[in-house]
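Comments concern the structure below.
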Amino acid sequence: MVRSSWHLFFSLATLLWLACPSPAQQPNQQRKAAYELFPESSAAVVWVADGDRLAQQWQLTQLYRLANDPAFSSFFEEQRQAIENRLVDAGWRLNVKPNDLANFTTGQIGLAWLELPQVPLKPFAMALIADVDDAKGPNGQLMAKIETELLARKATKTLISHLGIEIAKFTLPKRVGALLPEDSYYAIASGHFLSTDDESLIKDFISRIKGETVGGKVIGQAPVFLNGRQKAEITGEGQVEYFVRPLGIARVLRAIGGKHSRSNADMLAVLKNQGFEAIQCICGELSIGSDALDISHHGSVLAERPLPKSAAMLDFPNRASRDIPNFVSDDISSLLATNWNVKEAFWKVEGLVDELAGTPGVFHEVIEGIKVDPNGPRIDIEKEVLPYITDDIYSISDNKPGASDVDSRRNLIAVRLVDAAAMAKVLYRAMKNEPDADPVKYKGHLIWKVVHREDEEVKDLAIDFGDQFGGPPPAAGAPVQPWLSNWAITVYGDYLMFASHAEMIEQAIEQSQASDESPLVNESDYRRVTKAIAEHFGSDDSSAWQVVRTSLAYRVQYELFREGKLMDSQSMLASILDRLLQNEDEMRGKAQVLSGQKLPPYEEVAKFLQPMGMVVRSTDSGWDFGALMLSQKDAPQGPGTAVGKQVGQGTARVSNAQAEANR
């Protein structure tokens, strides 16, 4: 997970870096668009139509000002080599560094990741296409620069030719644990710089550029690509476009990283079998540096309707509540509201659980065990849990006040109830016999606090679902690791609350008792984001919406990065996913590659960070979404009230006045 996230982040960073304008660049000539060259088997494509335009718009953003602020620019310069090395470690196999091309690109830049299932030892390929000046002088300098760097890394060079175009092939020694040496190919054809790690692919590029017939379609002809772009309403007015097949890119990134699920079951194969490949693609467009927004991002998820098998659990009606519960304080870092058809979606997970466990029927066996096992809670989920909950779900995040540590990030999920008293009784029956659960009284209210104890039996999913669920059995004598070491749960007011820290529930109770409405709705950043979402993406009902107060959301990660402890900190969701998808040695003991010791205090960063928002709407063909980051226009001066605070059961209704005005 972490490896894949870094890979995608650095790939996008590469596009920005390559797009930096240079005096060496000349006006662009007519070139073939990357969509006309990348094959239909592309699992993901990121495309910039005009690198100069992207760079110019990027320079209008607060993030650009942050990167070029004297307090930070020295850090980026000193860490440039480490950042480039991290790019390679994250899976960038083309051996082209951003600085190699920065002075030579003249127009489009395209990146593609391809699935090659017919090549078992290397079932993927990567490719980069960039417009360059079609002149021998600059092109010779570009190729010589790449050659010098690769030969310094002990690569061997071979020259091959295709249709009169010279192709430089470089072979690097095998990395530790790799099955094959690392080949990369480079050529320049009619103003296109071509780089890939697959010989047949670069020859196909050249053939298409030369007008020769090549077997198979290009991605620009694929129906899923065309339909996805149509649904996403790609206008061509943005600076960055992308196309992603979700399971396809997941398989490619897994193959690049050489890592597999810690489960004996192939997680991606299970997802495919359970209907998730019916989510065909995600298409989107980013516009950067407008007057009101630093970044505007809109797109669409194209999916079959109805979704088959367990994929049908992704049932999000356009009924996300606009009510803000009064337990939400004014110092949270993010708020997500969604509507999930839980009562039906819960049963759709059956096939997924059974296949992961490798035992048909295990899901219902566990549900029945919870109901009738004399040593268990004896709870009928169908009759005693699902009828008491609604589809309204909130997720909030915050940071513990004071100095940051690896346990500072906190999360709380709240599900609205229709019968809180009945659910409280069910929760009591479920928790009273849990060996790691302690009842804690807070202001007369019962909270169940769960703390993993090493010297007691820990109940893991593998115990209920079989040894093969979630991974192979632990070595002899090794304790089974819990999915979450510490958490807390309660029923308070009209909500079932589940939190990473009991203190977060306690603060929610305090806030609820202090006011009949949430003070968040009066915070300027919250009001600015909700207004911008309505203005740019409309005010129709949605299946989910989110506000992220970036000046608060990134404080802990930044401070931990400065201290070299970033890899030790994860959100509650990330901990669960890593527990499922990664090996034990991948979850612990990771070393932070980049040093943040010379970075200034977080207050120097916060002044550049503007809040973000997101909205998602379910459609007959999947989901539409919009996301944005505000510009500094109309922003209040100073770091904001909530930033200062962190350094040291009614609801409030979001006003629809602005939405009505927009209508």
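The values are calculated or read from the model by the stated rules, or taken from the named source; none is laboratory data. This one's a predicted model, so the numbers in the text were calculated from it and none came from an experiment. Quick reminder, even Gly has a Cβ in these numbers, built from the backbone with ideal geometry, and neighbours come from all protein chains shown. Quick note on the areas: whole protein, heavy atoms, side chains included, nothing else; ligands and nucleic acids left out. Shrake-Rupley method; radii C 1.70, N 1.55, O 1.52, S 1.80 Å.
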If you check Glu212 against the conditions, is it more than 26 Å from Asn103 (Cα to Cα), open to solvent by 60 Å² or more (accessible area, probe 1.4 Å) and either in a helix (DSSP H, G or I) or of a type in the set (Asp, Glu) (or both)? yes
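Go through the stretch 608-626 and give me each residue that's of a type in the set (Gly, Ala, Ser), farther than 16 Å from Ser524 by Cβ and touching a helix residue (DSSP H, G or I) at 6+ places or on another chain (Cβ under 9 Å).
If the condition is that a residue be of a type in the set (Gly, Ala, Ser), farther than 16 Å from Ser524 by Cβ and touching a helix residue (DSSP H, G or I) at 6+ places or on another chain (Cβ under 9 Å), then Ser621, Gly622, Gly626 are the ones that fit.
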Can you spot a residue in the stretch 116-126 that is open to solvent by 10 Å² or more (accessible area, probe 1.4 Å) and modelled with pLDDT under 85? no
Just the residues that are farther than 28 Å from Asp315 by Cβ and touching a Ser or Thr at 6+ places or on another chain (Cβ under 6 Å), please, taken from the stretch 515-552. Arg549, Leu552
Exactly one of Trp113, Trp47, Trp6 is more than 23 Å from Pro138 (Cα to Cα), open to solvent by 20 Å² or more (accessible area, probe 1.4 Å), of a type in the set (A, V, I, L, M, F, W, C) and at pLDDT 70 or above, and that residue is Trp47
So which of Ala514, Ala488, Ala534 ends up being within 30 Å of Asp291 (Cα to Cα), among the aliphatic types (A, V, I, L, M) and at pLDDT 95 or above? Ala534
Tally up the residues in the stretch 161-177 that are out of contact with any Ser or Thr (no Cβ under 6 Å at 6 or more places or on another chain) and open to solvent by less than 40 Å² (accessible area, probe 1.4 Å), please. 4
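Residues checked against (1) of a type in the set (A, V, I, L, M); (2) open to solvent by 70 Å² or more (accessible area, probe 1.4 Å); (3) closer than 30 Å to Gly361 by Cα; (4) at pLDDT below 70:
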position	(1), (2), (3), (4)
Asp398	no, no, no, no
Ala422	yes, no, yes, no
Leu427	yes, no, yes, no
Ala430	yes, no, yes, no
Val440	yes, no, no, no
Ile447	yes, no, no, no
Ala462	yes, no, yes, yes
Gly471	no, no, yes, yes
Can you spot a residue in the stretch 283-304 that is in a loop (DSSP other than H, G, I, E, B) and over 30 Å from Met629 (Cβ atoms)? yes
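In the stretch 264-316, which residues are acidic (Asp, Glu), touching a Ser or Thr at 6+ places or on another chain (Cβ under 9 Å) and either open to solvent by 10 Å² or more (accessible area, probe 1.4 Å) or under 12 Å from Gly238 (Cβ atoms) (or both)?
Start the filter on the stretch 264-316 by keeping residues that are acidic (Asp, Glu), which leaves 266, 277, 285, 291, 294, 304, 315.
Imposing the further condition that a residue be touching a Ser or Thr at 6+ places or on another chain (Cβ under 9 Å) reduces the set to 285, 291, 294, 304, 315.
Within the stretch 264-316, Glu285, Asp291, Glu304, Asp315 meet the criteria.
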Just wondering, is there one or more residues in the stretch 234-255 that are touching a His at 6+ places or on another chain (Cβ under 9 Å) and modelled with pLDDT under 90? yes
Run Thr148 past the list (1) under 29 Å from Gly248 (Cα atoms); (2) at pLDDT 90 or above; (3) outside any strand (DSSP E or B) and report the number of the one that doesn't hold. (1)
Complete set of residues in the stretch 186-209 that are open to solvent by less than 10 Å² (accessible area, probe 1.4 Å) and in a strand (DSSP E or B): Tyr186, Ala187, Ala189, His192, Phe193, Leu194, Ser195, Thr196
Show the residue pairs that are 6+ apart or on different chains and have beta-carbon atoms under 6 Å apart, the first residue being within the stretch 356-376 and under 17 Å from Leu271 (Cα atoms), the second being in a loop (DSSP other than H, G, I, E, B) and open to solvent by less than 80 Å² (accessible area, probe 1.4 Å). Leu356/Ala265; Leu356/Phe469; Ala357/Gly466; Ala357/Phe469; Gly358/Gln468; Thr359/Gly466
In the stretch 506-520, how many residues are out of contact with any Lys or Arg (no Cβ under 9 Å at 6 or more places or on another chain), of a type in the set (A, V, I, L, M) and under 15 Å from Lys443 (Cβ atoms)? 2
For the stretch 130-166, how many residues are more than 36 Å from the chain's Cα centre (by Cα) and not charged (D, E, K, R)? 16
What are the residues in the stretch 563-620 that are at negative phi, in a loop (DSSP other than H, G, I, E, B) and modelled with pLDDT under 50, if any? Gln582, Asn583, Arg588
Looking at the stretch 220-239, is at least one residue among the polar types (S, T, N, Q), in a loop (DSSP other than H, G, I, E, B) and surrounded by 19 or more Cβ atoms within 10 Å (Cβ to Cβ)? yes
